[in-house]
1. Counting only C-alpha contacts under 8 Å and six or more residues apart, can you give the relative contact order of the stretch 408-463 as a whole percent?
2. What is the spin-label model distance, in nm, from residue 55 to residue 299 if the labels are put 7 Å beyond Cα along the C-beta direction?
3. How about the stretch 337-367: which chymotrypsin sites (Phe, Trp or Tyr not before Pro) there lie in a loop by DSSP and see at most 13 other Cβ atoms within 10 Å?
4. With bins 5 Å wide starting at 0, give me the P(r) of the stretch 340-477 over every alpha carbon pair, in whole percents.
5. Given Cα positions, please report Rg to Rh for the chain, the hydrodynamic radius being the Kirkwood one.
6. Averaging over all projection directions, find the projected area of the Cα convex hull of the stretch 361-413 and quote it in nm² with one decimal place.
7. Order 210-220, 65-75, 418-428 from most to least packed using the mean count of other Cβ atoms within 10 Å.
8. So what does the Cα-only Debye profile of the stretch 51-112 read at q = 0.14, 0.17, 0.20, 0.21 Å⁻¹, as log10 I(q)/I(0), no solvent term?
Amino acid sequence: MKAPAALLGVPLALLVVASALLALRGPIVDHPLETGAIYVAAGAAWAWALSRARKITANGGLGLVVAGACVLRLLAFASDLRTSDDVHRVVWEGAVVSAGLSPYAHPPDAPELAPLAAALPELHARVNHRDVAATYPPLVQLTGVAAVSGARVLGQDVAAAGPVFVRGIFAVVDLLALVPLVALLRRRALPIALALAWGWCPLAAFEIAGAGHLEALALTPLLGALALRERALAQHEPALTLRGPVLPRDESVLPQARRGRALDATASALFALAVLAKILPIVLLPWFARGPRAAGRTLLVVVLVAAGCVPFLRLEGAERGLSGFSEYAFRWEGASLVHRFVEGAWARVVPYDVSWTDPRRLARVVLAGAWLAWAWRTWRRQRDPARAALDLFGAWLVVTPVLHPWYALWCVPWLALRRSSACVWLAAASPLLFAPVAGWQRLGIWSEPAWLWPAIALPFAVLLARDTRAVHDFQGP
């Protein structure tokens, strides 16, 4: 027997209390252990609520889910955890673009940006890794431009108001993710309350509305693209039974086919927006393009992504290339689950010499090959892109050389559609990865405590093994 939405009341209350405490704690550097413990407790309350949501009646609990999501975003928006300073880079690069210069060619400390640094000294001082050029894709850059423009129009200090604008934009986009997620749940006849997988996730609230990370800017249009693609398939199905070059004009299938094409075009545009916000969603393109009109959808996505990049090619310095991307791809590492061991194994054989046989490059090649093999397996076994996403993004989290806590968000919305104890654990426990932040902010030293990797990775491995033994796809509550 299905349960009423009131079943979610206790975990929601615990989640709100924990989130309120987080909002009141102040910067994580002031109380790192206590803040981390509260953050993980909030994650545990979310995991409990997610398990209970599977027992709710099919259409019950949507109002409670939306209300809880709004409360969490308001608390997160009012917080000041300072778990990351990335939001200042988004604003800075928005100012660079507004000045007609390419952030991909000019790192913050570039001589060409000295006048801008003199005009915005506080913002420039808050930017991290000032020797590295931009890596954020075009849609994030436009968000920074909007934040800078909004601050200037209102006569506010860009360094102070710009991050608030960015967080506000991201928070709104974050909440909008519930719309396509609910549509995906309804099409699968799953409990609508499972939308709390995203709506009530404290990591989503505090790392997007609180810290200003960009994940929602990519995940929301990606979810929208998949939801519209499913509607387009439903419109297209009647046409599949027709034969011959001429379709009957008086059949209702004609307007349905037109609606299907319009939905496909809109879905492709949303998919392109997701890629323009973060490159990672491109791995789902083969699944998104599957089925009727595959070539047209693929071409439209490619064209729209290219069109979104063209304006940035006209900025001053664009001809210098994308040095920030190569720097990030080669040098950035931290809190990895598997990469550290693969690189360490290669380091026993070949030296660190920045050549093509550097252990860092070899480890990336090996793990990229492993990810591609897993993606091929997923392609053969899983046709549903919304369910394949958990396999693809989850495997990426395993092999990536950089595992920031907010990267775990790439698994979170898909937990509404599939069971995965391992990914629930990773999303709930990933705030532990903030443990080195206090030392970095105080002393400029990034040092992982010895307990950190076992605390995250070992439970994840055990739960992953259990998941593989169980029925992996969630077929019902």
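1. Numbers: 41 pairs, mean separation 20.3, N = 56.
Relative contact order for the stretch 408-463 comes out at 36 percent.
2. The answer from the label model is 5.3 nm.
3. Here the sparse-neighbourhood loop sites are 352, 356.
4. Distribution as computed: 2, 9, 15, 18, 19, 16, 11, 6, 3, 1, 0 percent.
5. On the way: Rg = 22.9 Å, Rh = 23.6 Å.
Expressed as Rg/Rh, it is 0.97.
6. 3.6
7. Details: 210-220: 26.3, 65-75: 20.6, 418-428: 22.5.
So the peptides 210-220, 65-75, 418-428, ranked by packing, come out 210-220, 418-428, 65-75.
8. Cα-only, vacuum Debye calculation for the stretch 51-112: -0.66, -0.74, -0.84, -0.88.
Taken together, the values in this text are just the output of simple stated rules run on the coordinates, not laboratory data. Owing to the predicted nature of the structure, the values given are computational and were not obtained by experimental measurement. Every residue, glycine as well, gets a Cβ built from its backbone with ideal geometry; the counts of neighbours run over all protein chains shown.
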